[in-house]
Every structure is written in structure tokens, then in C-alpha cells.
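Please treat every number below as a calculation from the coordinates, not as lab data. Remember, predicted model here, so these are calculated numbers, not experimental data. Reconstructed Cβ throughout: ideal geometry from the backbone, glycine too, with neighbour counts over all protein chains shown.
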């Protein structure tokens, strides 16, 4: 055989291998790109799911802290309202416990307010408003003017005057409304996740 024929056949073979090899390499690269894109999408979905779950756990913890602090505050306020039955040291201790419980409640409200869903914000604010009135009413002998046992509280249609007993009832009602709202929110969130 002639050298020129061998060189031509070798060149033709190399061209054939190159023409078959380039599309195969291109297809492998596309498959690798798709696999990487799918892996990235799966990682992003997993990260979003973990973030949602972590946020839900944080919200639930802040709701629990708020509800526990409302119970502590209500207990401390009730104890402080027993003023006529207490000695001065007992009264001082009850006042201090109520002030501590009030501070704890305000902190819990602040934490929840940072991340509360819009549908619960009104219930949280109502609870806080009634807690403030209850805190003040438990520390005084009479109402806002020293001769009456009445208090101004936020009502559905503006401020209204109520008795000291009603202040306690309003606080408990606001707490129960909040518990119901939290339960509905968390259960709706759980059913949407499934």
C-alpha cells in the first residue's frame, strides 16, 4: 500500500471517530448538567423545607412561652389582688412576683409580635392591653380615680369603663381567644404541610 493511501485512511478514521465522539461527549455533558440542576433543585427544596420547619418550631416555642407567661401573670395578679388578707411583707412579695411575671409576659408578647401571623396580631395586642390594665388595677386600692372601682379598657367600639372583676374576665377572655387562634393557625399550617 501506498503511504498516501494509509495516511488518507488514518485521517478518515480519525475524522469518523471525532464526528461520533463529539456528539457523545456533548450528550454526556448535557446529562451531567441536568443531573447537577436536579441535585441543586432538590437541595434548595430541602433547605426551604428545613427553614419552614425551623420557623414553625420557633413560632410554636414562642407561643408556648407566651401562654405560660400569661398563666404565671394571672396567678401572680390574683395573689396580689388578695391585698386585704396580707401582711406588709406578704404584700411586698406578691407585688414583686406580679411585677416579675408582668415583665416576663411583656417580653413574651414582644417575641411573638416579631413573627406573629397577621390573623393573630389583634388577639396578641388585646391580650397585652388587658394585661396592662390588670397589672395597674391589681396595684391600686380603687379605680383610676381614687373613688371608683372602674377601669377604662379598649372595647370593640372604643374605650369603655368596666369593673375590676371585668378586667380579670377580659384578660382571661383575651387569653382564650389567643389560644383558639394559635391552635387554628398551627393546625392549618400542619395540614398545609402534608
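For residue 177 paired with residue 75, estimate the spin-label separation in nm (one decimal), with each label point 7 Å from Cα along the Cα-to-Cβ line.
Here the modelled spin labels are 2.6 nm apart.
If you take the square roots of the eigenvalues of the alpha-carbon gyration tensor of segment 55-105 and sort them as a ≥ b ≥ c, do you get rounded (a/c under 1.5), prolate (a/b over b/c) or oblate?
Prolate, because a/c is 1.5 or more and a/b exceeds b/c.
Put a dot 7 Å past each Cα toward the Cβ at residue 165 and residue 44; how far apart are the dots in nm?
In this crude spin-label approximation the distance works out to 6.2 nm.
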